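The values are calculated or read from the model by the stated rules, or taken from the named source; none is laboratory data. Just so you know, these numbers come straight off a predicted model, no measurement behind them. Here the Cβ positions follow ideal geometry from the backbone for every residue, glycine too, while neighbour counts run over all protein chains shown. These area figures cover heavy atoms from the full protein model, side chains too; ligands, DNA and RNA do not enter into them. Shrake-Rupley method; radii C 1.70, N 1.55, O 1.52, S 1.80 Å.
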Amino acid sequence: MSDEDYKIYKDHNCARYFYVTVSALNCISNYISYLKENNVYDNTKIILVSDHATPIKSSLFKNDDLEFATGVNAVLIYKDFNSRGEVKIDTNFSTIADLHYLATKHIENAVNPFNNRIITNDYKNNGVNIVDIISWQVERQLSNSYNFNYYYVKDNIFNINNWKKFQIDWKTKESKEIELK
């Protein structure tokens, strides 16, 4: 890692994540160009979803709220059939769980075959619970369960005031709100 990278990203992993993300977006851009060159872009629905996110430290962020939010802000890129024009960034509250709705919203009353319910994206109208695994390393987990932080968020994830953090008492299974740090 160069000295310049360290000034911007503050640690080795954050610089790596940045470069991997840029490389992936370049590949996606090449694929979209291919679709356009072959006249199939307009009639293609595109949904790209990452399985997780990672906190990115950067001197480019104006405050710590953004660093916190990057840890739970997985990628969701969506282009509907026949959409054209410049790429638009939609900051409406969405999660990777919106995938099913986005994939089927062109089908009237699409039904989930596992529970026979109509597929919607209204699950998040009252906010969502987020489980954030503290570490991927097995030795840092609890003996009979994962070691995780439990949050609740509603609306804009980039506003730290929209977040609540909870602590679970594993003996009673009750949770209580704790100070978000």
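Things to note:
- Using a Gaussian network model of the chain in which every pair of alpha carbons under 10 angstrom is joined by a spring, one finds that among V153, V138, V72 the greatest mean-square fluctuation is at V138.
- Beyond 18 Å in Cα-Cα separation lie the following of the pairs K57/K124; K124/K164; K10/K164; K36/K105; K36/K79: K57/K124; K10/K164; K36/K105.
- Residue-by-residue Karplus 3J(HN,Hα) for region 38-45, coefficients 6.51, -1.76, 1.60, Hz, glycine and proline x: 9, 6, 10, 4, 4, 9, 10, 8
- GNM top mover of N159, N144, N82 - the chain, alpha-carbon springs below 10 Å: N144
- Among E108, E86, E37: highest mean-square fluctuation, GNM of the chain, C-alpha pairs under 10 Å: E86
- Potential lengthening of the chain between A103 and D80 amounts to 7.4 nm, from the contour at 0.36 nm per residue minus the alpha-carbon distance.
- Using bins of 5 Å that start at zero, the share of Cα-Cα pairs per bin across the chain amounts to 1, 6, 11, 15, 16, 16, 15, 10, 6, 3, 1, 0, in whole %.
- Karplus-derived HN-Hα couplings along region 108-124 (A = 6.51, B = -1.76, C = 1.60, θ = phi - 60°), whole Hz, x at Gly and Pro: 5, 6, 4, 10, 6, x, 8, 10, 6, 9, 5, 7, 9, 10, 8, 4, 9
- Computed FRET value (nearest 0.05) for Y6 with I89, which takes r as the C-beta separation and R₀ as 45 Å: 0.95
- Residue-level accessible surface for I168, protein heavy atoms, 1.4 Å, Å²: 50
- Averaging the sequence gap over all C-alpha pairs within less than 8 Å and six or more residues apart, then dividing by the number of residues, gives the chain a relative contact order of 14 percent.
- When nucleic acids and ligands are ignored and a 1.4 Å probe is applied, K36 ends up with an accessible area of around 110 Å².
- Rounded to whole numbers, the Karplus 3J(HN,Hα) couplings from phi for region 153-166 are 9, 9, 6, 5, 6, 8, 10, 4, 6, 8, 9, 9, 10, 10 Hz, using 6.51 cos²θ - 1.76 cosθ + 1.60 with θ = phi - 60°, and x at Gly and Pro.
- In the context of the full set of protein chains, residues of the chain present 76 Å² of accessible surface per residue (probe radius 1.4 Å, heavy atoms only).
- Between T21 and K154, the modelled labels are 2.8 nm apart [label points 7 Å from Cα along Cα→Cβ].
- Residue-averaged 222 nm ellipticity for the chain, from DSSP H runs of 4+ at -39500 (n - 2.57), nearest 500: -8000 deg cm²/dmol
- Carbon/sulfur fraction of accessible area - region 120-177, other protein chains in place, 1.4 Å, %: 46
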